[in-house]
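The values are calculated or read from the model by the stated rules, or taken from the named source; none is laboratory data. None of these values were measured; they are calculated from a predicted model. All Cβ positions, even for glycine, are placed from backbone atoms using ideal geometry, and neighbour counts span all protein chains on display. Ligands, DNA and RNA are stripped out before the accessible areas are found, and what is left, the full protein with its side chains, is counted by its heavy atoms. Shrake-Rupley method; radii C 1.70, N 1.55, O 1.52, S 1.80 Å.
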Amino acid sequence: GGMSSGITENTKAVFLESAYFDPVSIRKTAKRHGLNTDASFRFERGIDPNLTDLALKRLVLLIQEIAGGEVSSELNDIYPKKIEDFEVFLRFEKLDKLVGQKFDQAKLKSILSSLGIRVKNITESGLGLTIPPFRADVNREVDVIEEVLRIYGYNNVETNEKLNATIVQNNKYGDHNIQKVVANQLMGQGFYEIMSNSLTDENHLRLQQDKGTTNVYLLNPLSKDLEVMRQSLLSGGLQSMAFNINRKNKNLRFFEFGKSYHKKEGTYSEQKHLALFVTGDQQEEGWNSHQKASDFFYLKGILNALFKRLGLVQTFSACKKDLFSDGLQVLIGSQPVGCFGALKTSVAKTYDIDQQQVLYADLDWDKILAILSEQPSLKVHSIPKFPQIRRDFALLLDQDVRFSAIEALAFKTESVILRKVHLFDVYQGDNLPKGKKSYAVSFTFLDERKTLTDKKVDKIMAKLRKRFAEDLGAELR
């Protein structure tokens with residue numbers, strides 16, 4: 001009790017109360033005040049109201065045995081609205097229909113007796129049952145059948161020799177089929193699939209809230225930490241990462257398919273996403289390998305392989321989301337389908353993640369599915385009969401020149417036999433002029449009709465060198 005009503009060493013008289021509380025009232029009050037106690041946990045699920053007398057008498061006995069107390073009054077029972085036993089009629093026909101076989105009546109009576117359910121009367125069609133109040137979860141006919149089957153054993157129910165099945169038309173661009181393809185691709189690259197809660201804390205939601213949208217709140221949240229529907233998959237993924245890192249699992253690669261929930265101008269909407277989370281080293285440490293940390297370009301390579309597997313051609317542009325310290329937006333054609341990059345340190349630390357770099361990709365899965373359904377059928381090309389030729393340039397460029405500009409200019413200059421432009425080395429050091437960097441770029445040529453000659457390739461390389469010098473200010477090293 002409190003300061004004035006609590007028991008102390010000087011207490012001489014104690015008033016004992018044993019009570020049963022209405023489950024609905026307790027549940028609503030605990031929910032409204034956000035106060036969940038051991039007592040509320042028990043009473044809101046329903047207990048046996050007939051235990052109050054027994055519990056009180058047992059307490060009196062314990063006090064007498066341990067403290068030498070003396071009973072000073074008779075038991076006073078105030079029970080204005082007595083809770084009666086439940087009356088349920090169990091039909092044999094209904095039992096046999098739900099079980100799927102003829103149920104032995106002697107076995108049925110034995111199981112009911114073991115459950116404390118009394119058979120009040122028996123008719124040709126069924127049994128009249130009396131269920132004690134402590135079985136608050138058994139007050140319907142189907143509840144009784146479920147209890148009977150639980151004791152009888154679902155494995156003992158015989159199965160039909162005849163099975164019926166329906167053939168469903170399978171769409172190869174259906175959500176489930178494409179998800180399976182992507183999941184297999186990512187698992188082959190060392191990713192693990194996670195499933196996080198759609199509910200989150202309002203404080204976490206501030207990091208991921210879209211402009212112009214408001215939170216979607218639950219009317220009856222289980223707790224303060226689970227009161228808002230998520231607006232992205234970021235929170236759940238970072239919580240999973242923090243959980244693993246705290247248990248010394250630091251090299252992590254996760255992916256998740258899930259929905260986000262939004263409210264804008266009074267209208268509710270759902271969006272499906274594919275999220276990727278990466279941190280730590282690219283591979284486990286070993287005596288014959290060097291450790292290499294997962295970085296921005298590692299995640300970019302994962303996405304490139306993923307879109308290639310789906311038969312989509314993607315491009316990149318600057319991402320304007322505040323989450324990333326270094327990020328890009330992914331476009332398929334002219335449609336943006338998501339962003340990826342390295343999260344800001346402040347975002348990771350919000351979830352107590354102290355890893356050097358945390359990489360995150362958020363893709364709009366609904367848009368990707370829509371684009372896939374509109375894609376033309378894949379075309380198959382035969383393997384080239386003629387060999388490829390590769391040539392390299394070491395280009396001295398200004399710091400602000402990107403590789404994408406070199407690639408685009410190369411294909412613009414030679415679009416017939418140029419097959420691939422690849423950046424295989426970048427150097428920035430003291431030996432270069434101020435404000436300059438060096439790119440080592442390879443060019444792969446292939447003519448599917450004949451064998452290429454050095455003379456022709458040399459002529460194209462000279463043309464490329466001239467265009468790079470004129471348009472990009474590049475010099476050969």
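General remarks:
- Counting only residues that are outside any helix (DSSP H, G or I), out of contact with any Asp or Glu (no Cβ under 7 Å at 6 or more places or on another chain) and hydrophobic (A, V, I, L, M, F, W, C), the range 109-130 holds 5 of them.
- Meets criteria (closer than 26 Å to Leu306 by Cβ, among the basic types (Lys, Arg) and either exposed (fewer than 12 other Cβ atoms within 10 Å of the Cβ) or touching a strand residue (DSSP E or B) at 6+ places or on another chain (Cβ under 7 Å) (or both)) for Lys180: yes
- Asp295 falls short of the stated requirement of being surrounded by fewer than 14 Cβ atoms within 10 Å (Cβ to Cβ) and acidic (Asp, Glu).
- Residues satisfying the stated conditions in the range 307-326, i.e. open to solvent by less than 60 Å² (accessible area, probe 1.4 Å) and either of a type in the set (Asp, Glu) or out of contact with any strand residue (DSSP E or B) (no Cβ under 9 Å at 6 or more places or on another chain) (or both): Leu310, Gly311
- Selection within the range 273-292 - farther than 15 Å from Phe191 by Cβ and open to solvent by 40 Å² or more (accessible area, probe 1.4 Å): Glu285, Trp287, Asn288, His290, Gln291, Lys292
- Identity of the residue in the range 1-60, of a type in the set (S, T, N, Q) and open to solvent by 90 Å² or more (accessible area, probe 1.4 Å), that ends up farthest from the chain's Cα centre (by Cα): Asn10
- Looking across the range 89-108, the residues that are more than 12 Å from Val157 (Cα to Cα), assigned to a helix (DSSP H, G or I), touching a residue at least 40 places away in the same chain (Cβ under 8 Å) and open to solvent by less than 30 Å² (accessible area, probe 1.4 Å) come down to Leu95, Leu108.
- Test for Ile302: is it closer than 27 Å to Phe424 by Cα, open to solvent by less than 40 Å² (accessible area, probe 1.4 Å), outside any strand (DSSP E or B) and of a type in the set (Val, Ile, Thr): yes
- Just so you know, in the range 140-154 the residues that are touching a helix residue (DSSP H, G or I) at 6+ places or on another chain (Cβ under 9 Å) and open to solvent by less than 70 Å² (accessible area, probe 1.4 Å) include one that is nearest to Phe89 (Cα to Cα), and it is Glu141.
- The set of residues in the range 1-41 that are more than 24 Å from Leu218 (Cβ to Cβ) and among the aliphatic types (A, V, I, L, M) comprises Met3, Ile7, Ala13, Val14, Leu16, Ala19, Ala39.
- Residue list for the range 236-256, filter: surrounded by fewer than 23 Cβ atoms within 10 Å (Cβ to Cβ) and in a helix (DSSP H, G or I): Gln239, Ser240, Ala242, Phe243, Asn244, Ile245
- Residues (of a type in the set (Ser, Thr, Tyr) and loosely packed, with under 14 Cβ neighbours inside 10 Å) located in the range 111-139: Ser113, Ser114, Thr123, Ser125
- Test: Gln428 is modelled with pLDDT under 90 and in contact with a Gly (Cβ under 7 Å, 6 or more places away or on another chain): no
- The set of residues in the range 454-477 being basic (Lys, Arg) and part of a helix (DSSP H, G or I) consists of Lys455, Lys456, Lys459, Lys463, Arg465, Lys466, Arg467.
- Pairs where the first residue, in the range 151-177, is closer than 30 Å to Gln101 by Cα and the second is assigned to a loop (DSSP other than H, G, I, E, B) and not β-branched (Val, Ile, Thr), C-beta under 6 Å, 6+ apart: Glu158/Gln101
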